[in-house]
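> Shown below is the structure under consideration.
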Amino acid sequence: MKIALIGYGKMGKMIEQIALSRGHEIVSVIDIDNQEDFESEAFASADVAIEFTNPTAAYGNYLRAFAKNVKVVSGSTGWMAEHGDDVRRLCSEGGQTLFWASNFSVGVAIFSAVNRYLAKIMNAFPQYDVSMEETHHIHKLDAPSGTAITLAEEIISELDRKDSWVKGTLTAPDGTVSGTADCADHELAVSSIRRDEVPGIHSITYDSEADSITITHDAHSRKGFALGAVLAAEYTAQHSGLLTIGDMFSSLTPGPSPKGEGSK
């Protein structure tokens, strides 16, 4: 498979290594200093482009790839609120393909399933309040993380007493704390910490006067995310529309594979 890389930071370099080890060809590498390569024949020849950049650049990168009819796998977060409807339209009516996930880790997919199940159980125990904390490396621009937002939305969908999430505290790399974890009873506070080179830690706590219950996913390195992105590219090369991590993992389990939004 021919792969283009959009973004060539630590994650892009790790994706490149894993893609090559799995027998794929990297035909184009686009970073901040060679944006003109979106117009190259090499980029247009890619079966899939894997995009890991930042919230401000992601949407524009999708449009440039779609203009060449190149399918995109993306782990960039923070663009959905402003551009989500347009991207959905491009994939449903415009014939384009985007596989988007806030997190490509197999472990996070399992953690997500545990999160939904626990929230469903805790719906019957209103004495427990729920909060979330996520920790990432100092280079991450958005807070809360896209994964934390996804997890929070899963909780809200199962927990009748919560109808929205709000930003909690933000602990900056220098230790400065801003914001507050205090919120209304119907809100879920999501706090963020930016520290060192932490790949990603997400913790969800249910707390009562009697006790507390906490579940945590702690990534040891970026390798799991990079492998997941390459697996997603392999999946995307054979599918179309707006694809999700649920589509891919369903295809890897025994039994019928339910179609995701726009897949075929």
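> With a 1.4 Å probe and all protein chains kept in place, how do Trp165, Trp100, Trp79 rank by accessible area, largest first?
Ranked from most to least accessible, the order is Trp165, Trp100, Trp79.
> Probe 1.4 Å, all protein chains in place: accessible area of Lys2 in Å², nearest 10?
In the full protein context, Lys2 sits at about 80 Å².
> Moving on. Taking the Cα centroid of region 34-113 and of region 198-240, what is the distance between the two, rounded to the nearest whole Å?
Region 34-113 and region 198-240 have Cα centres spaced 20 Å from each other.
> Percent of accessible area on the chain owned by carbon and sulfur, 1.4 Å probe?
After summing per-atom areas, the C and S share lands at 52 percent.
> Oh, and also: Rounded to the nearest 500 deg cm²/dmol, what is the calculated helix-only ellipticity per residue at 222 nm for the chain, with -39500 (n - 2.57) per DSSP H run of length n ≥ 4? Spell out each step's value before the answer.
On the way: 8 runs with 90 residues, N = 264.
Dividing the helical sum by the residues of the chain leaves -10500 deg cm²/dmol.
> Provide the percentage of antiparallel DSSP beta bridges, counting only those with both residues in the chain; round to the nearest 5.
If I count the DSSP bridges inside the chain, around 35 percent turn out antiparallel.
> What accessible area per residue comes out for the chain, rounded to a whole number of Å², with a 1.4 Å probe? Walk me through the numbers on the way to the answer.
Details: 12920 Å² over 264 residues.
Each residue of the chain exposes 49 Å² on average to a 1.4 Å probe.
> I would also like to ask the following. Compute, for Thr147, the solvent-accessible surface of its heavy atoms (probe 1.4 Å) with the complete set of protein chains present, and express it in square angstrom to the nearest 10.
Rounded to the nearest 10, the figure is 10 Å².
> Once you charge only the Cβ atoms, +1 for Lys and Arg and -1 for Asp and Glu, what is the size of the charge dipole of region 109-264 about its Cα centre, to the nearest 20 debye?
Around 680 debye, computed over region 109-264.
> A further question follows. For region 166-219, with only Lys/Arg (+1) and Asp/Glu (-1) charged at the beta-carbon, what is the dipole magnitude about the Cα centre, in debye rounded to 20?
Details: 3 positive and 10 negative charges, 54 e Å.
Once rounded to the nearest 20, the dipole reads 260 debye.
> Any idea which of Met14, Phe43, Phe66 is furthest toward the positive side of the dipole for region 1-103, if Lys and Arg beta-carbons carry +1 and Asp and Glu beta-carbons -1?
With unit charges placed on the Cβ atoms, the residue in question is Met14.
> Using a 1.4 angstrom probe on the protein heavy atoms only, could you order Phe111, Phe249 from most to least accessible area?
So the residues, ranked largest to smallest area, are Phe249, Phe111.
> Under 20 Å between alpha carbons: how many lysine pairs meet that in the chain, if sequence neighbours fewer than 8 apart on the same chain are excluded?
Lysine pairs satisfying the spacing and distance rule in the chain number 13.
> Arranged from highest to lowest average of other beta-carbon atoms within 10 Å per residue, in what order do the peptides 186-194, 121-129, 227-235 appear?
Ranked from most to least packed, the peptides come out as 227-235, 186-194, 121-129.
The values are calculated or read from the model by the stated rules, or taken from the named source; none is laboratory data. Quick caveat, the model's predicted, so the values are computed rather than measured. Note that each Cβ is placed from the backbone with ideal geometry, even for glycine, and that neighbours are counted across all protein chains shown. For accessibility, only protein heavy atoms count, side chains too; no ligands or nucleic acids. Shrake-Rupley method; radii C 1.70, N 1.55, O 1.52, S 1.80 Å.
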